[in-house]
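Everything on this sheet refers to the single structure shown next.
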Amino acid sequence: MADDLNDLLDGLEPSSGFVQVGHSAGGPMVRLAASRRPDRVAGLVLVDPTDEAADLLFGMRFRVGEKIVIAVEWVLARVGMLERFFRFLGEGMPEDVRADLHREAFRPAVVVTQGRQARTFLTELHAWQGDPPALPDVPVTVISGSLADGMPRRVRDAATAAGRYRAAQSRQGRHVVAARSGHYIPATEPDLIAAEIRRLVLPPAG
């Protein structure tokens, strides 16, 4: 998936480097893509990213729970009920985006793809604990949620701590807490993400 992202960016020509933004599992993807093409990266914004610094992601309890969630989501998708549980994702979005979500996001094939990713994703991420991708010396902003919103509090706290750690690994790192959000910050506080992107794109006034 990191290679797919870089292939896509090969077809674009920014006036200055790209600011790459990744939410959840997209966080590791943009980190890896940036490490492979550091020459064209102007900054990273990692939005409540999955991160190898959160050890509990690799325990049996979390992995079994993930399999159960995916199995339940597949059943709900099969009977046409999965969208009801994620309807909040479309609130405040433009009509065409909501239409895309309704048409594409809650079908069984999407959950099957999620399951295929889950088979190897955490194992590959775990290997980064000893050998993480080397990021270019660019600003790295990590935005963490603060609300549990359905996940166990221990998972929420571990994710936030991992985000704080990830930001601290960069010389230009910045950790921001989304006070009104859980994991789905793009749906609940999109303006916060946009503001952090603007910080990296636009020079300071004056």
task = Grab the helices (runs of 4 or more DSSP H) fully contained in the stretch 1-105, keeping just those with 1 or more residues being over 24 Å from Arg171 (Cβ atoms).
result = 2-10, 60-78, 82-85, 95-100
message = From the list Asp149, Asp137, exactly one residue is on the phi > 0 side of the Ramachandran plot and part of a loop (DSSP other than H, G, I, E, B). Which is it?
response = Asp149
query = With respect to the numbered conditions (1) at pLDDT 90 or above; (2) not assigned by TED's automatic domain parsing to the domain that holds Ala33, which one is the sole condition not fulfilled by Leu89?
reply = (1)
request  = Identify the residue in the stretch 145-166 that is more than 21 Å from Val69 (Cβ to Cβ) and hydroxyl-bearing (Ser, Thr, Tyr) and, among all such residues, is modelled with the highest pLDDT.
outcome  = Tyr165
request  = Determine which member of the set Ala159, Ala194 is part of a helix (DSSP H, G or I), of a type in the set (A, V, I, L, M), under 17 Å from the mean Cα position of the chain (by Cα) and surrounded by fewer than 16 Cβ atoms within 10 Å (Cβ to Cβ).
outcome  = Ala194
remark   = From the option list Val30, Val97, single residue qualifying as modelled with pLDDT of 95 or more and of a type outside the set (D, E, K, R) is Val30
request  = Take Pro136 and decide whether it is within 18 Å of the chain's Cα centre (by Cα), of a type outside the set (S, T, N, Q) and crowded, with 16+ Cβ neighbours inside 10 Å.
outcome  = no
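The values are calculated or read from the model by the stated rules, or taken from the named source; none is laboratory data. Here the structure is a predicted model, which means the values were calculated and not measured. Virtual Cβ from ideal backbone geometry, glycine too; neighbours counted across all protein chains shown.
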